[in-house]
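The structure appears right after this line, and notes come after that.
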Amino acid sequence: MAEIKSVAVIGLGYIGLPTAAILATNGVDVVGVDVNPKTVEAVSRGEVPFVEPDLGGHVSRAVSEGTLKASLETPKADAYIVAVPTPFNDDKTADLSYIEAAGSAIAPQLVGDELIILESTSPPGATQHLADHILGLRPDLSIENLRVAHCPERVLPGRVMVELVTNDRIVGGITTAAAEAARDLYQKFCEGEILLTDATTAEMAKLVENSFRDVNIAFANELSIISDKLGINVWELIELANHHPRVNILQPGPGVGGHCIAVDPWFIVSSAPEEAKLIRQARVTNDAKPDWVIEQVEKAVADVDGTAKVAVLGLAFKANIDDLRESPAISIAQRLGAEFGEAKFLVVEPHIDEMPKQLSGLANAELVATGDAIEEADIVLLLVDHAQFKTIDRSTLEGKTVIDTRGMWR
Ligand code: SAJ
């Protein structure tokens, strides 16, 4: 296959835009496509519509050099990279409608011999489904002259521009030719090893990585509840156990959030519901952790005479980011406000300026600064271990009930 000179990246989100930018700064002509006009306008001006270190420099450079453009329309290109969301339906099966819509937009542009890469996290069979969808719209083409591959993204939010270059990549082709063509494209910027396999194995590899973490965190969360019952400090327990050379237990928390680890294991469960028992239970265990945190707050509130004032520290789904998606802290804060109408909640999130919409309807909750919340509170509930909270003077917590879900004050 001739060298790929032009790429259309469909979906300019947390993965699509960094991928578009890194290709564009490595000699490829890139058009980023998005359905959101605000995103297209921002990228066309060389701006990034969300927070990700180092991404801004890449985007502004590529746009000013003319190698990165943004558009609402899918153009003709040598290769297409699909990086659209795959949310789940109410029954926890994957919603493939965004992938299908991308395929419908690509199909009329094809002349044959293009490479189409699905990067979106997908249930087993989704890459084949995309190929079938396109071939259904273009019966004049065949799988031999259409190269379709899956190359799951594995970058960690906050480190995307580093990990895009340094992580190993898995490339699963519907055909070997597709896998090889995708490898040649990623080699333009990826310094890690590029491992070739079939599409379904590549799909599962991504899901399995996130499920591995979910199962390990579920184990840690279960240990935290057992330890509480036995009067043991779970953080010390895990630290000690992890001294064993073959033990590596992750950290308990208020639950698992984000759009990856809390979602992807369900794609395995829905593909093999009878067999995926442990994977399902891990999801159930982690999703139940907020209930346990709320019980701890309930006990503490009952011990306060009069109106209990609770400082709620952190809303993001993990430390040092502004991302509130699928955040257990948000759902805990929301439920506390709704279920304990008599108490007052002093919510702190250093990365946002106004109360998120999920909490804005609560009459008994307000967004305040860290120091004010702690000074006023009877109960301090730590939900996210942001760096800013690590600077809190421990003496200011004296006399207050502290519920530390992250082990920051272990
Ligand atoms: N968490 C714990 N305890 C831990 C580690 C994490 O409770 O010991 C919680 C976090 O607080 C957070 C959630 O788990 O709520 C997920 O955070 P994370 O840092 O584990 O992962 P994500 O969702 O930011 O990114 C993951 C990464 N996957 C793996 O590390 C296997 C990343 O490499 C993937 O690219 C990303 O999912 C993705 O897009 O799938």
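The values are calculated or read from the model by the stated rules, or taken from the named source; none is laboratory data. The structure displayed is predicted, hence computed values, not measured ones. Counting neighbours? That spans all protein chains shown, and the Cβs are built from the backbone with ideal geometry, glycine included. Surface areas here come from the heavy atoms of the whole protein model, side chains and all, with no ligands, DNA or RNA. Shrake-Rupley method; radii C 1.70, N 1.55, O 1.52, S 1.80 Å.
Comparing I268, I374, I232 in a Gaussian network model of the chain (Cα springs below 10 Å), the most mobile by mean-square fluctuation is I232.
Computed from the Cβ-Cβ distance with R0 of 25 Å, the FRET efficiency linking S395 to D303 stands at 0.70. Lys/Arg Cβ at +1, Asp/Glu Cβ at -1, dipole of region 6-192 taken about the Cα centre: which of L23, V63, A105 is farthest positive-ward? Farthest towards the positive end: V63.
For region 293-408, what relative contact order do you get, as a whole percent, if you take Cα pairs closer than 8 Å and at least 6 residues apart? Reported relative contact order: 32 percent.
A simple spin-label model places the labels of R61 and R410 3.9 nm from each other, with each point 7 Å out along Cα-to-Cβ.
In order along region 69-86, phi translates into HN-Hα couplings of 10, 10, 8, 7, 9, 7, x, 6, 7, 6, 9, 10, 10, 9, 10, 9, x, 10 Hz, rounded to whole numbers, per the Karplus curve 6.51 cos²θ - 1.76 cosθ + 1.60 with θ = phi - 60° and x for Gly and Pro.
Computed over protein heavy atoms with a 1.4 angstrom probe, the accessible surface ordering of E163, E144, largest first, is E144, E163. Size check on region 6-192: the Cα extents along the three principal axes, sorted descending, read 41, 38, 34 Å. Split the accessible area of the chain by element, probe 1.4 Å, and carbon with sulfur accounts for 51%. Under a model in which nothing but the beta-carbon of Lys, Arg (+1) and Asp, Glu (-1) is charged, the chain shows a dipole of about 360 debye around its Cα centre.
Give me the net charge for the shell around S71: Cβ to Cβ below 12 angstrom, other residues only, Lys and Arg +1, Asp and Glu -1. Net charge around S71: -1. Taking every alpha-carbon pair within region 209-404, the share separated by more than 21 Å comes to 54 percent.
Each Lys and Arg contributes +1 and each Asp and Glu -1, all at the Cβ; summed about the Cα centre of region 6-192, the dipole is approximately 260 debye. In summary, the helical segments of the chain meeting the span-like criteria, namely a full DSSP H run, a Cα extent along the axis of 18 angstrom or more and a mean Kyte-Doolittle hydropathy of at least 0.0, are 199-230. Here's how it looks for I403: its modeled amide H is under 5 Å from those of V380, L381, L382, which are all 5 or more places away or on a different chain. Approximating the spin labels as points 7 Å out from Cα along Cα→Cβ, the V402-to-D140 distance works out to 7.0 nm. With 0.36 nm allotted per residue and the present C-alpha distance subtracted, the S44-S6 stretch has 11.9 nm of extension available. Coordinate range of the alpha-carbon atoms in the chain per principal axis, descending: 75, 47, 39 Å. With protein chains left intact and a 1.4 Å probe, residues in region 209-404 average 49 Å² of accessible area per residue.
Calculated accessible area for region 118-208 comes out at 38 Å² per residue, all protein chains present (probe 1.4 Å; ligands, DNA, RNA ignored). Once the Kirkwood radius over Cα pairs is known for region 340-384, the Stokes-Einstein relation at 37 °C and 0.692 mPa s delivers a diffusion coefficient of 293 µm²/s. In this structure the amide hydrogen of I170, modeled in the peptide plane, comes within under 5 Å of the amide hydrogens of L195, none closer than 5 places in sequence on its chain.
Residue order by solvent-accessible surface for M204, M408 is M204, M408, largest first, with ligands and nucleic acids left out and a 1.4 Å probe. Based on alpha-carbon centroids, what's the gap between region 28-62 and region 346-410 in Å, whole number please? Comparing the Cα centres of region 28-62 and region 346-410, I get a distance of 34 Å. Between F88 and D95, the built amide H atoms are under 5 Å apart, and every one of these is 5 or more places off in sequence or on another chain.
Counting charges near A300 (Lys, Arg +1; Asp, Glu -1) among other residues having Cβ under 13 Å from its Cβ returns a value of -3. Over the chain, DSSP H runs of length four or greater, each weighted -39,500 (n - 2.57), average out per residue to a 222 nm ellipticity of -12500 deg cm²/dmol.
Taking the charge dipole of the chain about its Cα centre, with +1 at Lys and Arg Cβ atoms and -1 at Asp and Glu Cβ atoms, the residue from V171, A79, P328 reaching farthest to the positive side is V171.
Across the cross-link table entries K38/K69; K5/K38; K229/K299, which are compared at the Cα atoms, the separations over 19 Å belong to K5/K38. Using C-alpha pairs under 8 Å with a sequence gap of at least 6, the mean separation divided by the residue count of the chain gives a relative contact order of 11 percent. Spatial offset of region 271-294 relative to region 245-259 amounts to 14 Å, using the alpha carbon center of each. For region 138-147, 3J(HN,Hα) computed residue by residue from phi via the Karplus equation (6.51, -1.76, 1.60; θ = phi - 60°) reads 10, x, 6, 9, 9, 5, 6, 9, 10, 9 Hz, glycine and proline entered as x.
The charge dipole of region 203-266, taken about its Cα centre with unit charges on the Cβ of Lys, Arg, Asp and Glu (plus for the first two, minus for the last two), comes to roughly 80 debye. If I take R0 = 41 Å and measure r between the Cβ atoms of D132 and E376 in this structure, what FRET efficiency does the formula 1/(1 + (r/R0)^6) give, to the nearest 0.05? E(calc), rounded to 0.05, equals 0.10. With point charges of +1 on the Cβ of Lys and Arg and -1 on the Cβ of Asp and Glu, referenced to the Cα centre of region 259-304, which listed residue (A282, V297, I268) lies farthest in the positive direction of the dipole? Final value for the positive-end residue is I268.
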